[in-house]
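Each value in this text was obtained by applying a stated rule to the coordinates, not by laboratory testing. Keep in mind that what you see is a predicted model, and the values were worked out from it rather than measured. Glycine also receives a Cβ, built like all others from the backbone with ideal geometry; neighbour counts cover every protein chain displayed.
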Amino acid sequence: MPHQVRRLNSNDHDALVEIYRQAVLGSTAQLYSEAQQWAWAEQSNTLRSLLPEGEGWVISNQRDEPIAFSLRYPADRLALLYCYPGAQRQGCGRRLINAIEQAATADAVTALRTEASLISKPLFERLGWQVSWREELRIGGVPFQRFRMHKQLGQRY
């Protein structure tokens with residue numbers, strides 16, 4: 001069981017890129033085609049430049065190796081939420097979303113927004129997030145659907 005939520009630091013970047021790739025390739029097959037999985041996974045190449053821009057959190061194992069992470073960028077947007085497939089459904093996502101919400105509240109942000117995948121949408125909904133709209137986009141030329149979601153802060157779920 002993961003034991004700590006801590007701030008993301010630059011030493012984590014390589015591990016977070018790998019978590020991203022493994023999460024996309026290892027846990028999306030029921031909802032996404034192989035072409036979608038590979039197009040999405042290829043976005044990991046741009047992840048490294050985004051990580052220093054935002055404020056992030058990591059959940060690590062007993063050896064302080066990251067197994068899940070989240071990133072808030074800009075201040076009113078939950079930009080990234082990913083977990084190794086073997087560590088999913090153990091509360092990591094909930095803990096990371098809570099960390100983002102608490103930090104945003106401390107920064108006087110009154111609402112957060114995100115773009116949720118078919119996989120993450122149910123978790124966000126359980127935590128009180130609402131769908132603003134469903135959108136279609138292309139990643140690497142491949143069509144995707146995702147959900148723009150939002151949450152007013154100060155509400156507990």
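Candidates are the residues of region 12-40 that are polar (S, T, N, Q) and outside any helix (DSSP H, G or I); the one that is surrounded by the fewest Cβ atoms within 10 Å (Cβ to Cβ) is Gln30. In the set (1) surrounded by 15 or more Cβ atoms within 10 Å (Cβ to Cβ); (2) within 22 Å of Asp12 (Cα to Cα), the condition left unmet by Gly86 is number (1).
Is there a residue in region 42-50 that is surrounded by 16 or more Cβ atoms within 10 Å (Cβ to Cβ), of a type in the set (A, V, I, L, M) and over 24 Å from Asn9 (Cα atoms)? The answer is no; no qualifying residue exists. Among the residues of region 94-118, what is the count of those that are surrounded by fewer than 13 Cβ atoms within 10 Å (Cβ to Cβ) and among the small types (Gly, Ala, Ser)? The total comes to 3. Which of the residues that make up region 5-40 are touching a residue at least 60 places away in the same chain (Cβ under 8 Å) and over 22 Å from Phe144 (Cα atoms)? Residues satisfying the conditions are Val5, Leu8, Leu16. The residues of region 9-46 that are over 23 Å from Arg89 (Cβ atoms) and within 14 Å of the chain's Cα centre (by Cα) amount to a single one, Gln43.
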